[in-house]
Amino acid sequence: MGKIWTMGELLVEVMRPEENMEFYEPLTFKGPYASGSSGIFIRTAARMGAEAGIISGVGKDGFGKCVLDHLKADGVDVSYVLESEHGSTGVAFVMYYSDGERKFIFHWDHTPAVEAKMPDVSKMGDTSFFHMMGCALTSSKDYAKEIVKTMHAMKEKGAKISFDPNIRMEHMKEAEDYDIIQEVVKATNVFLPGKSELRLLTGEEDIEKAVKKCFEYPDMEIVVLKNGSKGSVVYTRDNRFEMGAYPVEALDATGAGDSFDGAFIASLALGRSLEDAAKAGAAAGALNAAAFGPMEGDITPETVADMIAKNS
């Protein structure tokens, strides 16, 4: 079994503790919490028992220590994380609305979160999966190019490519952003979009036609259509099945989709079936949503197995 690697942003989140507290109001924040979609993904993969590592960057400051301590505690390989003396760790501010929507303010331009370079992948051992997040690809043009170069290098050495487009419209500034994401989709083996992202990237309004279009790419093997609290639908070229969501009292939806990805990809890397991977992903996403903070859920092989058993 090879290691799962990801390359993307690491940051902290500072959140409004209650709903409908606007950013422009001088009210309370809560945090910092270790975050970054790539960080949440890779920590979940490690918690599920997979070998896992991340290529990224933080400042050599208290926020950076917060992030790295979380990752190291679960055995994530952070040897390719830059600790910069010259830049501060990235920060995302988050507020919540009573209808479930969230709003973000990101401070990561010109921070170590988007400064990592492609490593020498020949020295990184066997890699089972290389995973990417769309928000990292739209954070900085230069960083996106480094991630894409790394993707191609990993693929050449035999890694499967997994991709969650995770597109935030506040990051989509130019047509080149779409071109970069389309290049990644063409190389992807396991694609994990939401409905709006799938429609956006395929140009198809009808979901089944959009999924069929994904399989026009010869390397595409699995499409996992995620639909939040309504569960997911898993497609292969010859089959499809639905995976419901496990019921929890959700405290914070931030990071639930990234946790789904981490448990799903870890399960595949560990040789589990596609159905078992979908169950693990759903359980990890639910457990993460049940805790306040983007990677604070109680996710272990035992808690995931227990949730699956209780809902079988």
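When ASN166 is tested against (1) without any contact (Cβ under 8 Å) to a residue 40 or more places away in the chain; (2) closer than 30 Å to PHE93 by Cβ, just one condition goes unmet, and that condition is (1).
When you scan region 115-123, do you find a residue that is touching a residue at least 60 places away in the same chain (Cβ under 8 Å), part of a loop (DSSP other than H, G, I, E, B) and among the acidic types (Asp, Glu), even just one? No: zero hits.
Which count do you get for residues in region 15-40 that are over 13 Å from VAL67 (Cα atoms) and crowded, with 18+ Cβ neighbours inside 10 Å? Summing the residues that are over 13 Å from VAL67 (Cα atoms) and crowded, with 18+ Cβ neighbours inside 10 Å in region 15-40 gives 2. Quick check on this structure: which one of ALA159, ALA144, ALA153, ALA136 is touching a helix residue (DSSP H, G or I) at 6+ places or on another chain (Cβ under 8 Å), buried (at least 19 other Cβ atoms within 10 Å of the Cβ), more than 13 Å from SER37 (Cβ to Cβ) and small (Gly, Ala, Ser)? ALA144 is the lone residue from the list that is touching a helix residue (DSSP H, G or I) at 6+ places or on another chain (Cβ under 8 Å), buried (at least 19 other Cβ atoms within 10 Å of the Cβ), more than 13 Å from SER37 (Cβ to Cβ) and small (Gly, Ala, Ser).
Just to be sure before I move on: is ASP69 surrounded by fewer than 15 Cβ atoms within 10 Å (Cβ to Cβ), at pLDDT 95 or above and of a type in the set (D, E, K, R) in the structure I sent? It is true that ASP69 is surrounded by fewer than 15 Cβ atoms within 10 Å (Cβ to Cβ), at pLDDT 95 or above and of a type in the set (D, E, K, R).
Scanning region 236-269 for residues that are among the polar types (S, T, N, Q), more than 15 Å from SER37 (Cα to Cα) and surrounded by 24 or more Cβ atoms within 10 Å (Cβ to Cβ) yields one hit, SER267.
VAL233 meets the conditions (1) surrounded by 15 or more Cβ atoms within 10 Å (Cβ to Cβ); (2) under 30 Å from LEU10 (Cβ atoms) in every case but one. The failed one is (2).
Would you check if there is a residue in region 78-98 being crowded, with 20+ Cβ neighbours inside 10 Å, modelled with pLDDT of 95 or more, assigned to a strand (DSSP E or B) and of a type in the set (Asp, Glu)? No, region 78-98 has no match at all. Looking at the structure I just gave you, is SER273 of a type in the set (Ser, Thr, Tyr), modelled with pLDDT under 95 and farther than 30 Å from VAL67 by Cβ? No: the conditions fail for SER273.
In region 55-74, is there at least one residue being in a loop (DSSP other than H, G, I, E, B) and in contact (Cβ under 8 Å) with a residue 40 or more places away in the chain? No, there is no match, as no residue in region 55-74 is in a loop (DSSP other than H, G, I, E, B) and in contact (Cβ under 8 Å) with a residue 40 or more places away in the chain. Do the conditions hold for GLY158, that is, is it in a loop (DSSP other than H, G, I, E, B), under 21 Å from MET220 (Cα atoms) and more than 17 Å from the chain's Cα centre (by Cα)? So GLY158 fits the description; yes.
Applying the criterion of at least 2 residues that are within 30 Å of MET95 (Cβ to Cβ) and under 20 Å from the mean Cα position of the chain (by Cα) to the helices (runs of 4 or more DSSP H) found wholly in region 198-312 leaves 256-269, 274-289.
The values are calculated or read from the model by the stated rules, or taken from the named source; none is laboratory data. None of these values were measured; they are calculated from a predicted model. Neighbour counts are summed over all protein chains in view; Cβ atoms, including those assigned to glycine, are modelled from backbone coordinates with ideal geometry.
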